[in-house]
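Only the coordinates and a few stated rules stand behind these numbers; no lab work does. Treat the numbers as computed from the prediction; the structure is a model and nothing was measured. Virtual Cβ from ideal backbone geometry, glycine too; neighbours counted across all protein chains shown.
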Amino acid sequence: MGPHVLVVEDEGDVATLLKYNLEKEGYRVTVAVDGDEALLAAEETPPDLVVLDWMLPKAPGIEVCRRLRQRSETRNTPIVMLTARSDESDRIRGLDTGADDYVCKPFSVTELMARLRAVMRRIRPGLTEDKVVVGDITIDRAAHRVKRAGGDIHLGPTEFKLLDYLAQYPGRVFSREQLLDAVWGSDVYVEARTVDVHIGRLRKALNAGQENDPIRTVRSAGYALDFDG
Ligand code: CA
């Protein structure tokens, strides 16, 4: 399951081009056509990366960027702004508002993809690496293997996806609905209780012979992967 990208672009052909190329590289893509839709989409499923057009109907890109930065779920989400303006002062304004990078239109797809990969690597190494380490847990994405304190942990495909997702954001609490969207997909109907069942299995597999339970249950809120407490 690749990182989730929110593309905010009102020009249909540019949005289609971006979606096509991002999906080809394994990203999951949501397209929003204006600022309001972007803010709603980001609230529903916080993205891992935002590609944000400067010139948008309703709220301009720079305002969307500012508002995303004010929310705790998207405070640290990488944002790459797209713009037709090559004006240096706009570039500085964009970066001041909290954008991580800035690409001028018309852009080369190859260059844009390289810039997005670079931003992701810098900000979220856990999303793009083949191996993720959280506490004493190691997730090998390429081999689909999990180890805890050096010992092999055998997980079903759903438990693997759950762990992989939680491990991308250690300490962050996810609601059952957010986990359903991220792991099962938003077009599948699954009851929220199903999440509890799979968390139960994941917990059992991870904790066999271990003292600490890394999965924190937050009453009426959801779950997090944690090694602090
Ligand atoms: Ca536009």
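Using the Kirkwood formula over every pair of different C-alpha atoms, what hydrodynamic radius in Å results for the chain?
So the Kirkwood estimate lands at 18.7 Å.
Output the peptides 172-179, 62-69 sorted from most to least packed, where packing is the average of other Cβ atoms within 10 Å over each peptide's residues.
Details: 172-179: 17.9, 62-69: 20.4.
Answer by packing, highest mean first, reads 62-69, 172-179.
Compute the angle between helix 35-44 and the longest alpha-carbon principal axis of the chain, please, reported from 0 to 90 degrees and rounded to the nearest 10.
Long axis of 35-44 versus the principal axis of the chain: about 0 degrees.
Restricting to Cα pairs below 8 Å that are 6+ residues apart, what does the relative contact order work out to for the chain? Please round to a whole percent.
Once divided by the residue count of the chain, the mean separation gives 13 percent.
Among the aspartates and glutamates, select those whose C-alpha is under 19 Å from the C-alpha of residue 204, and discard any that sit fewer than 8 residues away in the same chain.
Excluding near neighbours in sequence, the set is 136, 152, 159, 164, 196, 213, 226.
Cut-off under 25 Å on the C-alpha distance; same-chain residues fewer than 8 positions from residue 19 excluded. Which lysines are left, in chain and number order?
Cross-link targets: 58, 105, 161.
With the Cα gyration tensor of the stretch 4-127 giving a ≥ b ≥ c as the square roots of its eigenvalues, does the rule (a/c under 1.5 for rounded; else a/b larger than b/c for prolate; else oblate) give rounded, prolate or oblate?
Note, shape of the stretch 4-127 comes out rounded.
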